[in-house]
Amino acid sequence: MTALITTVAVCAATLLMAASAYLWLSARKVVRSRPARRLEVRWEGARVELPTTQLTRAPGKYGVWVSTSAATGHLLVGDVIEDNRETGRLTRELVSVAGLQDRGRGWGDFTGQLYPGPETVAPSRWGSVTVPASAGFCPGWTVSPPQLKSSLWAVHVHGIGTTRRTALRTVPVSDQLGMTSLVVSLRGDSEGPPVPGNSSTLGATEWEDVDAAVAFAVAGGASGVVLFAWSMGASAAFMAAYRGDNRAWIRAVVAIAPVTDWLETVRAGARRAHLPKFMGSMTAWGLGQNLIARSLGLQESINFSDLRQATEAAAEHLPTLIVHSELDPQVPFATSQRLAASHPSSVQLRAFQTLGHAWEFNADPAGFNSTISQWLCGLPQ
């Protein structure tokens, strides 16, 4: 009998340790950016060679951040020229090179970051600014439009695991609309105020930086602000529109591949890892526990219900355009469908058919820009 009790106790302890390890590791994957899969890259002349994957084969223009023994730089790549199934490598058009030699080889990340910096979007129309926020100072860029047509400012907000470079892709459409742009960094993104472990709170604190950016725009002369929010940035944007001191200045939200329901997004991540749905729910529960949250560097736990409530409340009254691909591999398109269906008078959804998360602009820049431009021009002034 004693042996049986001992065996049961050992099994129970083992299961508890395994569950605790899973909770911590899975929670860490959600709030901390993971290194991208590094690809062997070779480039010369007007061609760049990459391993063939579903994503590197995607139509459109993309950025490849490459590290060599001498430097780190950016390759802008265009259409697929050749796909060699025997070697498992493909060749794409090389559009431009920044920070690297005209030919070389190295290890790179294939990303949606089309622009390495504001100088590639607006060579002579940008400047660096600093946005004071509750956690510290957030570096940002301002971009003046070629022709000022609006007193509204566009505030561009990036997502988790990226930097403000990612949000530069919505500057061309705000340029087209004649809006001054502010592209802002966020706490924990390696440029904004540091946080322990660079752990994201999924919008639960980053919204304060968005609110500060709105205040900065108003102080700069904006009559109001349109938030252009990418992925997790949409969660922060809706929080700012719900809780922010400056929420009255927010006129509309353009949300690209937005996270509007973190619970479903985390569950989808579990399914991609071939885990049962309930394990995704466990991860979300774990992030709501102070012990696990603090072990990841978070000052407090993350309340998924609060994030969802803020999104729903803001979307109820705030004109919102969602631009989202039905093929998004990270954020379920169904969550955007549900938000639009729940708030038909204020939320409109425009579906794309593009691979990759938040690659709608990369695959179809003309369609992306016209969709946003037409919607914003159709709003009551």
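The values are calculated or read from the model by the stated rules, or taken from the named source; none is laboratory data. Please read these numbers as outputs of a predicted model, since none were measured by experiment. Cβ placement follows ideal geometry from the backbone for every residue including glycine, while neighbour counts extend to all protein chains displayed.
Residue count for region 317-351 satisfying the condition of being in contact with a strand residue (DSSP E or B) (Cβ under 9 Å, 6 or more places away or on another chain) and without any contact (Cβ under 8 Å) to a residue 60 or more places away in the chain: 13. Only residues that are assigned to a helix (DSSP H, G or I) and either among the acidic types (Asp, Glu) or within 14 Å of the chain's Cα centre (by Cα) (or both) were counted in region 217-237, giving 6.
Got at least one residue in region 355-372 being of a type in the set (Phe, Trp, Tyr), in contact (Cβ under 8 Å) with a residue 12 or more places away in the chain, within 13 Å of Thr260 (Cβ to Cβ) and assigned to a helix (DSSP H, G or I)?
Checked against the condition, which is being of a type in the set (Phe, Trp, Tyr), in contact (Cβ under 8 Å) with a residue 12 or more places away in the chain, within 13 Å of Thr260 (Cβ to Cβ) and assigned to a helix (DSSP H, G or I), region 355-372 yields no hits at all.
In region 327-334, the count of residues that are touching an Asp or Glu at 6+ places or on another chain (Cβ under 9 Å) and over 22 Å from Gly269 (Cβ atoms) is zero.
Identify, please: which residue in region 173-216 is assigned to a loop (DSSP other than H, G, I, E, B) and polar (S, T, N, Q) and is, among those, surrounded by the fewest Cβ atoms within 10 Å (Cβ to Cβ)? If we take residues in region 173-216 being assigned to a loop (DSSP other than H, G, I, E, B) and polar (S, T, N, Q), then Ser190 is surrounded by the fewest Cβ atoms within 10 Å (Cβ to Cβ).
What's the total number of residues in region 250-264 that are in a strand (DSSP E or B) and either buried (at least 24 other Cβ atoms within 10 Å of the Cβ) or β-branched (Val, Ile, Thr) (or both)?
Residues meeting the conditions: 5.
All conditions but one from (1) of a type outside the set (S, T, N, Q); (2) at pLDDT below 75; (3) surrounded by fewer than 24 Cβ atoms within 10 Å (Cβ to Cβ) apply to Gly221; the one that does not is (2). Under the condition of being part of a loop (DSSP other than H, G, I, E, B) and touching a helix residue (DSSP H, G or I) at 6+ places or on another chain (Cβ under 7 Å), which residue from region 344-354 is surrounded by the fewest Cβ atoms within 10 Å (Cβ to Cβ)? My answer is Ser346.
Can you find, within region 328-343, the residue that is farthest from the chain's Cα centre (by Cα) among those that are of a type in the set (A, V, I, L, M) and assigned to a helix (DSSP H, G or I)? Among residues in region 328-343 that are of a type in the set (A, V, I, L, M) and assigned to a helix (DSSP H, G or I), the one farthest from the chain's Cα centre (by Cα) is Ala341.
Quick one: which of Ala241, Ala229 is modelled with pLDDT of 95 or more, under 18 Å from Ser373 (Cβ atoms) and crowded, with 22+ Cβ neighbours inside 10 Å? I'd like the intermediate steps shown before the answer.
Values: Ala241 fails: under 18 Å from Ser373 (Cβ atoms).
Every option except Ala229 fails the conditions.
The set of residues from region 139-172 being assigned to a strand (DSSP E or B) and either over 17 Å from the mean Cα position of the chain (by Cα) or among the aliphatic types (A, V, I, L, M) (or both) comprises Pro139, Trp141, Thr142, Val143, Leu152, Trp153, Ala154, Val155, Val157. Filter region 315-327 for residues that are buried (at least 23 other Cβ atoms within 10 Å of the Cβ) and not in a strand (DSSP E or B) and give the result. Selection gives Ala315 alone.
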